[in-house]
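After the structure tokens below, expect a handful of questions from me.
Every number here is computed from the coordinates shown, using simple stated rules; none is lab data. Quantities reported herein were computed from a predicted structural model and do not represent experimental measurements. Positions of Cβ are backbone-derived with ideal geometry, glycine not excepted, and every protein chain shown enters the neighbour counts.
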Amino acid sequence: MAGFRLPPIGTFGVLLFFVHTCLVLMYSMERGGLDGPVLAGNFYVRRLFRIYPLSILAVLTAVALHMDSGAPGIQGLSRAEPVSLGRILSNLFLIQNLVKPGSIINVLWSLPVEVQMYVILPFLFLWIHGKKAPVWRLSLLWAVAVPVAIVHAHLAGASGPASLARRLSFLDYVPNFLPGIIAFALPREPKIRSYFWLPFILILIAVYSAVQTATIGWALCLVLGFAIPFFGEIKTGWLRWISHRIATYSYGIYLSHQFCIWVVADPLASFPLWSRVAVLLVGLTAIPIALYYIVERPMIKVGAELADKMSNRQLVPATAVPEVAQTAPESAA
């Protein structure tokens, strides 16, 4: 078909994830019952221990194996010259879009954008939580974010790779994140049966496949944000079980799949196809599960315990009387 290219489904999947992660984290902050600086501190500590341990392990593994995604013309990891210390540090701190550009593992391009969104997410929560008609405020914010992103994209395209405009790539994705907050602010009115959810997502993918632009990505994310509250919850047991497992191990899948592809494409390149496919499937399944139980879950637990201890210490001066301590979260909400 003339003018029709194979769609970057992975990129659009990341954009849809930006909507989803904002929605989930807004609900998480609401369940926490905290407010003000205490809420922000609790949120940051939990995110720190959720995101960084596994990403640091992935970056250090790539560096130790002398692999990099920066080679021109190569999609994914490949053997490379030793990476500079500055670039390693920028990837470890997930600021490679701001300094020393370039992700050692190509899929890491989205994590700095997420981390930078997490910095402002608690403030957006506090801004709309408990307010009347917050949706129009968020819609207005989205309407402002779109021209800002357009102007930024123009400036970045006309400047060098080390320019300030190129470094502020986070601005390009704000219109993709905000619809998740809009979905949180909207009242839940599940009028559409859950089995229409998959066809709805497939329609969004088809539209993005036909018109692969940032603008259409922003618009489709906005449509998704406004649509989510109108879909009923999926209640099919086996489907919920599968979805829960995928969500549990998704971060490990995201960070490890390039390594699995590299193993079968490089060290095992001379092996029969059937054996390489088998190794790939086993790796894509077993490695994320192992990473979750060895790294992710213990670090999540440490982060949660530390965040709760910090929150309790900060709440003590304002809640010296037990009765007040019990009612404070409710009155704040």
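Calculate, axis by axis, the spread of Cα positions in the stretch 96-139 along the three principal axes, and write the results as whole Å, longest axis first.
45, 15, 13
For the stretch 153-223, what is the convex hull volume of the alpha-carbon atoms per residue, in Å³? Before the final figure, lay out the partial values.
Numbers: hull volume 7.1 nm³, N = 71.
Convex hull volume per residue, Cα atoms: 99 Å³.
Ok, one more. For the stretch 160-199, take the convex hull of the Cα atoms, compute a quarter of its surface area, and give me that in nm², please. Don't skip to the end; give the middle numbers.
On the way: hull surface 18.8 nm².
If I average the Cα hull's projected area over directions, I get 4.7 nm².
So which trypsin sites (Lys or Arg not before Pro) in the stretch 218-308 pass both tests, a DSSP loop state and at most 14 other Cβ atoms within 10 Å of the Cβ? Show your work: numbers first, answer last.
Details: sites: Lys235, Arg240, Arg245, Arg276, Lys301; in loops: Lys235.
Here the trypsin sites (Lys or Arg not before Pro) that fit, given the DSSP loop and packing criteria, are Lys235.
Sticking with this structure for a sec: Which value results for Rg/Rh of the chain when Rg is the Cα radius of gyration and Rh the Kirkwood radius based on the inverse mean 1/r?
For the chain, the value is 0.98.
Turning to a different aspect of this structure: Could you tell me, in Å, what Rg and Dmax come out for the Cα atoms of the stretch 38-168?
Values for the stretch 38-168 (Cα only, Rg and Dmax): 17.8, 56 Å.
Right, another one. With the cut-off at 1.5 for a/c, could you classify the stretch 140-285 from its C-alpha gyration tensor as rounded, prolate or oblate?
Oblate, because a/c is 1.5 or more while a/b does not exceed b/c.
Give the relative contact order (percent, whole number) for the chain; include only Cα pairs under 8 Å separated by 6+ residues.
27 percent
Could you work out the pair-distance distribution P(r) of the stretch 92-168 from its alpha-carbon pairs, with 10 angstrom bin width and percents rounded to whole numbers?
16, 36, 32, 14, 2
Out of the stretch 5-59, which trypsin sites (Lys or Arg not before Pro) are coil in DSSP terms and have no more than 10 other C-beta atoms within 10 Å?
Values: sites: Arg5, Arg31, Arg46, Arg47, Arg50; in loops: Arg5.
Sites meeting the loop and neighbour criteria: Arg5.
Starting from the Kirkwood radius over alpha-carbon pairs of the stretch 220-287, derive D by Stokes-Einstein at 10 °C in a medium of 1.306 mPa s and give it in µm² s⁻¹. Spell out each step's value before the answer.
Working: Rh = 14.7 Å.
The calculation lands on 108 µm²/s.
If a helix is a whole DSSP H run, which ones in the chain reach 15 Å or further along their own axis (Cα) and hold a mean Kyte-Doolittle hydropathy of at least 1.0?
Membrane-span-like by this rule: 9-32, 36-64, 110-128, 134-157, 174-185, 197-210, 214-227, 273-291.
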